[in-house]
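Structure record follows, encoded as structure tokens.
The values are calculated or read from the model by the stated rules, or taken from the named source; none is laboratory data. All figures in this text were calculated on a predicted structure; none of them were measured in a lab. Cβ placement follows ideal geometry from the backbone for every residue including glycine, while neighbour counts extend to all protein chains displayed. For accessibility, only protein heavy atoms count, side chains too; no ligands or nucleic acids. Shrake-Rupley method; radii C 1.70, N 1.55, O 1.52, S 1.80 Å.
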Amino acid sequence: MVISDLNYEEITNAPNSAYQSEDLFTLIEFMGVKDLHIKHDQETGLKAIVSIHSIKSGSSLGGCRCIEYPSTRAAIIDAMRLSRGMSYKSAICNLAYGGGKSVIIKPKVIEDKEAFFKAFGRFVQQLNGRYITAKDSGTLVSDMDIIATETNYVACTTPHDNQEGDPSPFTAHGVLKGIEACVKYKLNRDDLENLHVAIQGVGHVGYHLGKLLHERGVKLTVADINEASTKRCRDEFNANVVGVDEIYAVECDIFAPCALGAILNEHTIPELNTKIVAGSANNQLALERYGLMLRKQEILYAPDFAINSGGLIQAVAFYRKENVEKIMMDIDFIYDRMLEIFTRADKEDLPTNKVAIEIAKEYTLSHDES
Ligand code: NAD
């Protein structure tokens, strides 16, 4: 079973009983989802869910996740939570799209991949543009190409017109901008030279982030379950390598989670020996209230959906066929947005994650269309 980015602790232990409710409409109301679409294509075995949390300019946008789930209910909750996250992410970036997400319950075997993703493409097409799909965990650019044979409402297809397909370098660039904003706000510095960053997970985003930081004279410590990934960072960036359980306690200026969700919790936060937490992973806080715990420890937390939005900005630009210069300018805005969040958090004496959600909600509500 693989369920990434899904904060199960929050779902199973939530005092609010809506998560436990057997009634689907109670769940939909609790999550604030606009509409939920379910497709079972008997011929191909496709079981898919599209959750639309908000709509702007007629469309919501978000990736298609194809992973195994323990139950249909878990898949529906995942789709709804992720679509809500996309609303926040899109709103905080000032993008003209609402939040949507699709989930495909991955079968043990996909007999005919082409037919399977074509069926998904027809499902997306039936929604008539209310939802635009893109690549996410468990789907490939080549899957998007198959989907694109049935619908135009798809981003992240094979690159053309000099556009880039992989969002990871763009996400990493956005995280760099977020880190620069954290350093300006917390350390009152305009450069990163000789600072020490500990990166948890040096996969697609973590590696690119390491490269950007190394180029700026940053000292790196990395951890990853994949030895080849840490070796690459040691060879190319002279990074220090520590075990996956040791990374939290590394004395550093910035801890950058770029691997998994729910890694900031009551066990790990007391271990942290950093001034700033700023990384790409989705749903870093196991529970929203851990944002307050970080604030009490005087650790500046860069809200995940704001700092990791570079990939979404790239997907939107790719869909609109915009050029790379425009994408980079939009991603650079993450710096200003972060400073806005930090300033407001101090003014209102609130955790940064709460302020980021407030800003996103204000923007979503003022621009939402049904
Ligand atoms: P990835 O799978 O390429 O990289 C994740 C890395 O984390 C892998 O190298 C993996 O081996 C490592 N890892 C797994 N468990 C670990 C552990 N316990 N300790 C240390 N390392 C561990 O994924 P990615 O595309 O680089 O994304 C990283 C994170 O950023 C994810 O949470 C993803 O949802 C989020 N994110 C990615 C993008 C993007 O553009 N790729 C955009 C937004 C958010």
Cross-link table LYS326/LYS361; LYS186/LYS326; LYS219/LYS275; LYS106/LYS231, entries beyond 24 Å C-alpha to C-alpha: LYS326/LYS361; LYS186/LYS326; LYS106/LYS231
Alpha-carbon centroids, segment 268-335 and segment 221-258: separation in whole Å: 19 Å
Accessible surface of the chain, 1.4 Å probe, proportion on carbon and sulfur as whole %: 49 percent
Charge-dipole axis of segment 8-147 as Lys and Arg at +1 and Asp and Glu at -1 on Cβ define it, positive-most pick from PHE120, ALA75, SER21: PHE120
Rounded FRET efficiency, nearest 0.05, which uses the C-beta distance separating SER137 from ASP332 and R0 of 22 Å: 0.25
On Cα atoms only, tilt of 72-92 relative to the major axis of the chain in degrees: 60 degrees
At most 13 other Cβ within 10 Å, DSSP loop - GluC sites (Glu not before Pro), segment 222-266: GLU246, GLU266
Cβ-derived FRET efficiency at R0 51 Å, LYS321 paired with LEU350, nearest 0.05: 0.85
Dipole moment magnitude, nearest 20 debye, the chain about Cα centre, only Lys, Arg, Asp, Glu C-beta charged: 380 debye
Nearest 10 degrees, 0 to 90: helix 352-367 Cα axis against the chain principal axis: 40 degrees
Sequence-separation-based contact order of the chain, relative, with Cα cut under 8 Å and 6+ spacing, percent: 17 percent
Per residue, in Å², the accessible surface of segment 8-147 once ligands and nucleic acids are set aside, probe 1.4 Å: 40 Å²
Ordering of 318-324, 214-220, 333-339 by packing [mean C-beta count within 10 Å, highest first]: 333-339, 214-220, 318-324
Difference of contour (0.36 nm per residue) and Cα-Cα distance, ASN240 to GLU340: 32.7 nm
Trypsin sites (Lys or Arg not before Pro) restricted to segment 109-182 and DSSP loop, no more than 15 other C-beta within 10 Å: none
Only Lys, Arg (+1) and Asp, Glu (-1) charged, at Cβ; segment 8-147 dipole about Cα centre in debye: 380 debye
Cα long-axis angle, helix 204-215 against the chain (0 to 90 degrees, to the nearest 10): 30 degrees
Fluctuation leader among THR352, THR274, THR26 - the chain, Gaussian network, Cα springs under 10 angstrom: THR26
Potential extension, THR149-GLU22 segment - 0.36 nm per residue separation minus Cα distance: 42.0 nm
Positive-end residue of CYS182, VAL141, HIS214, charge dipole of segment 126-225 with Cβ unit charges: CYS182
